[in-house]
Amino acid sequence: MNRGVEDPALEAVAAKAVALIPDGARVGLGTGRAAAAFITRLGVRRREGWRVIGVPTSRATAEQARKAGIPLIPLAQDVQLDITVDGADEVAPNLDLVKGWGGAFVRERIVAAASKRQIILVTEQKLVQALGERGRIPVEVIPFAQWPAMRQLKTLGLVPTLRMEPSNLQPVVSENGNLIIDCNPPEPLRDGTAAGLLEESILAIPGVVDTGLFLGTAEQVFVGYPDGRVDTLQRTRR
């Protein structure tokens, strides 16, 4: 995960995100290379005396946060987070997202929903004109529902593939004990309405836990470039 901190583009967006974190903040900590770069910088801020605490979205994130000296808390009844900082695999012009290529998207959604705002950190390669342009849209499914769910995903025009561990060719098991099915659409989703309809149809399939479509959740997206420049994309309020 720490490979991300060596990327100048990710370093730049991580620095911009850390500058948003006030002393005493409760922060949702995403998963992936962009989140790792942010956690590294947040750990430096913590060692400088900043009183921040975090809620991790995966075991890998929790391990890195502890090593960085960031205290962690569970999502208890009275916990509302000030901000969640995470990455994404695709960002559409309206700031709708595809997430989950790293597999933590269910917990990422829960943590984002418990936050006042969500900031997304990406490099320019993640920008697309339409969701699905780079391929797969992850879907988490309970194991018992694998085959019926895959059949119904095909009826939606998707090409579903069970995600496998490259090391042993066994199915990837999420931190929730479920399977991940990567679904390739026949063509990119034409707009936010099409993405919303697809999300609704997938979630209606029995046994589906969640999808990697994050529609309307990101307040801002920071886009990093190799020269250290950062663009800020802001969601337009309707």
Residue within region 49-60 that is assigned to a helix (DSSP H, G or I) and surrounded by fewer than 24 Cβ atoms within 10 Å (Cβ to Cβ) present: yes
Selection within region 1-48 - surrounded by fewer than 24 Cβ atoms within 10 Å (Cβ to Cβ) and either assigned to a loop (DSSP other than H, G, I, E, B) or among the acidic types (Asp, Glu) (or both): Met1, Glu6, Asp7, Glu11, Ala19, Leu20, Ile21, Pro22, Asp23, Gly24, Ala25, Glu48
Which numbered condition Ala195 fails, given (1) in contact with a strand residue (DSSP E or B) (Cβ under 7 Å, 6 or more places away or on another chain); (2) surrounded by fewer than 18 Cβ atoms within 10 Å (Cβ to Cβ): (2)
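If a residue has to be surrounded by fewer than 24 Cβ atoms within 10 Å (Cβ to Cβ) and assigned to a loop (DSSP other than H, G, I, E, B) to count, how many in region 79-88 make the cut? Can you show your working first?
Filtering region 79-88 down to residues surrounded by fewer than 24 Cβ atoms within 10 Å (Cβ to Cβ) leaves 79-83.
Pick out the ones that are also assigned to a loop (DSSP other than H, G, I, E, B) and you get 79-80, 82.
Residues meeting the conditions: 3.
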Pro226, sole failed condition from (1) in contact (Cβ under 8 Å) with a residue 24 or more places away in the chain; (2) of a type outside the set (A, V, I, L, M, F, W, C); (3) surrounded by 14 or more Cβ atoms within 10 Å (Cβ to Cβ): (3)
Some residue of region 177-187 being touching a residue at least 60 places away in the same chain (Cβ under 8 Å), surrounded by 13 or more Cβ atoms within 10 Å (Cβ to Cβ), closer than 28 Å to Gly28 by Cβ and of a type in the set (Asp, Glu): no
Unmet criterion (only one of (1) outside the structural domain of Glu165 (by TED's automatic domain parsing); (2) out of contact with any Ser or Thr (no Cβ under 8 Å at 6 or more places or on another chain)) for Val221: (2)
Listing of helices (runs of 4 or more DSSP H) fully contained in region 93-204 that carry 1 or more residues being touching a Lys or Arg at 6+ places or on another chain (Cβ under 8 Å), assigned by TED's automatic domain parsing to the domain that holds Ala62 and modelled with pLDDT of 95 or more: 105-113
Matching residues in region 104-162 - criterion: being of a type in the set (Val, Ile, Thr) and either surrounded by fewer than 23 Cβ atoms within 10 Å (Cβ to Cβ) or more than 14 Å from the chain's Cα centre (by Cα) (or both): Val106, Ile110, Thr123, Val128, Val141, Ile142, Thr155, Val159, Thr161
Check on Ala9, closer than 23 Å to Glu124 by Cβ and touching a Ser or Thr at 6+ places or on another chain (Cβ under 7 Å): yes
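The values are calculated or read from the model by the stated rules, or taken from the named source; none is laboratory data. Computed from a prediction, not measured in an experiment: that's the story for all the values here. A quick note on method: Cβ atoms are made from the backbone with ideal geometry, for glycine too, and the neighbour counts reach across all protein chains shown.
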